[in-house]
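A short write-up of the structure that comes next.
The values are calculated or read from the model by the stated rules, or taken from the named source; none is laboratory data. Worth saying up front: this structure is predicted, and the values here are computed from it rather than measured. Cβ placement follows ideal geometry from the backbone for every residue including glycine, while neighbour counts extend to all protein chains displayed. Only protein heavy atoms, including side chains, enter the accessible area calculation; ligands, DNA and RNA are left aside. Shrake-Rupley method; radii C 1.70, N 1.55, O 1.52, S 1.80 Å.
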Amino acid sequence: MDDSARAPFHTQLWRVLDLRAGGLGFSVELLVAAARADADAGAQRVAYGEALRLLAADCTGPQAVGTQRLLVAVLRDALSSESDGAAPEGRSLPGFIVDGLIALVGDVLAGAKGSHAVEAVKPLETYVESCGGSHAGAEKAIATIREETTAAAYSSDIEG
């Protein structure tokens with residue numbers, strides 16, 4: 001079985017692990033899906049914004065690896081469809097949801113160890129490029145993730 005065929009199985013495993021740890025990633029995934037399905041999501045800014053804010057407030061402290069990996073998958077999917085125009089006509093995510101998702105994933109991956117943290121940087125960089133080379137929220141998330149993963153790699157090199 002090649003990697004592309006395994007991806008749905010991995011994502012499903014991350015969902016189960018996330019649900020076991022409280023379901024933050026799954027809740028964010030549902031919010032993103034609802035916003036995509038709602039043609040009037042931009043007009044519902046207060047409701048969606050408040051829901052995302054409440055979910056972000058729930059992510060104090062370290063998150064389970066399944067949650068981290070699921071959030072990276074949601075971020076990758078959201079950013080790839082936004083930056084390459086793959087979102088169905090009229091179904092792209094409002095900017096405030098994309099910005100909130102970027103900030104949330106950056107916060108959750110602060111201090112994270114693992115390949116998923118490194119993998120989160122590439123779609124963020126691509127998104128920054130698609131925004132004309134500048135997006136403060138994405139650049140902050142990239143810096144946080146890189147700083148933490150570099151520090152973690154450095155400390156494990158010293159200990160090892």
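Computed values, structure above
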{"quantity": "Top-ranked residue of region 24-50 - restricted to ones that are in contact (Cβ under 8 Å) with a residue 24 or more places away in the chain and of a type in the set (Val, Ile, Thr), ranked as surrounded by the fewest Cβ atoms within 10 Å (Cβ to Cβ)", "calculated": "Val32"}
{"quantity": "Residue pairs meeting the criteria (Cβ under 6 Å; at least 6 apart or on separate chains; first under 14 Å from Glu139 (Cβ atoms), in region 97-110; second open to solvent by 10 Å² or more (accessible area, probe 1.4 Å) and polar (S, T, N, Q))", "calculated": "Gly106/Thr144"}
{"quantity": "Subset of region 99-141 that is among the aliphatic types (A, V, I, L, M) and in a loop (DSSP other than H, G, I, E, B) - its residue that is most open to solvent (accessible area, probe 1.4 Å)", "calculated": "Ala110"}
{"quantity": "Failed item in (1) open to solvent by 40 Å² or more (accessible area, probe 1.4 Å); (2) at pLDDT 90 or above; (3) touching an Asp or Glu at 6+ places or on another chain (Cβ under 9 Å), with Thr67 passing the rest", "calculated": "(1)"}
{"quantity": "Filter pass, Ala5 being at pLDDT below 85, more than 17 Å from Glu119 (Cα to Cα) and part of a loop (DSSP other than H, G, I, E, B)", "calculated": "no"}
